[in-house]
Amino acid sequence: QVQLVESGGGLVQAGGSLRLSCAASGRTFSRYVMGWFRQAPGKEREFVVAISWSGGSTDYADSVKGRFTISRDNAKNTVYLQMNNLKPEDTAVYYCAATASGLLRVTKFYNYWGQGTQVTVSS
């Protein structure tokens, strides 16, 4: 079992930055691929980025490539999402998730989810 708790969301102006954190419980955190997803009002949950268990591999959605950076600290059981040059279209609830199935973009393969943190980008 893995429990995930996100933090770091908030209101920021376009062009600004935020860093999200996702703290995980459990001693097996390092065995999981960690992903970030987001869901805007009236839209489906979409993939943002994922990072392998070691941190050596990442996969970014095209919409965030070059602006967002994912990292993890297995000693602290935490994964981070640094978001720079934020745009109004980045406004959404951001969720972290864990999977043992590999570096995947599909929500159904992620077994554990956090409660989400709101990110709002004003224009």
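A few points about this structure:
- Surface composition of the chain: carbon plus sulfur atoms contribute 46% of the solvent-accessible area (1.4 Å probe, protein chains only, all chains present).
- Highest mean first, the peptides 59-65, 18-24, 108-114 sorted by other C-beta atoms within 10 Å per residue fall in the order 18-24, 108-114, 59-65.
- Here the chain is treated with +1 on each Lys and Arg Cβ and -1 on each Asp and Glu Cβ, and its dipole about the Cα centre works out to around 220 debye.
- Here the simple spin-label model places points 7 Å from the Cα toward Cβ, and for S71 and K43 these points are separated by 2.7 nm.
- Sites A14 and Q82, calculated FRET efficiency, Cβ-Cβ separation with R0 22 Å, nearest 0.05: 0.85
- In straight-distance terms, cross-link reach from K43 covers every one of the aspartates and glutamates whose alpha-carbon lies under 17 Å from its own, apart from those fewer than eight places away in the same chain; here that gives E89, D90.
- Length-normalised contact order for the stretch 1-119 - Cα pairs under 8 Å, 6+ apart - percent: 35
- Probe 1.4 Å, protein heavy atoms only - accessible area per residue of the stretch 30-123 in square angstrom: 50
The values are calculated or read from the model by the stated rules, or taken from the named source; none is laboratory data. Since the structure is predicted, the reported quantities are computational estimates derived from the model, not experimental observations. Cβ coordinates were reconstructed from backbone atoms using ideal geometry, including for glycine residues, and neighbour counts include every protein chain displayed. Just the protein is used for accessible areas: all its heavy atoms, side chains included, with ligands, DNA and RNA removed. Shrake-Rupley method; radii C 1.70, N 1.55, O 1.52, S 1.80 Å.
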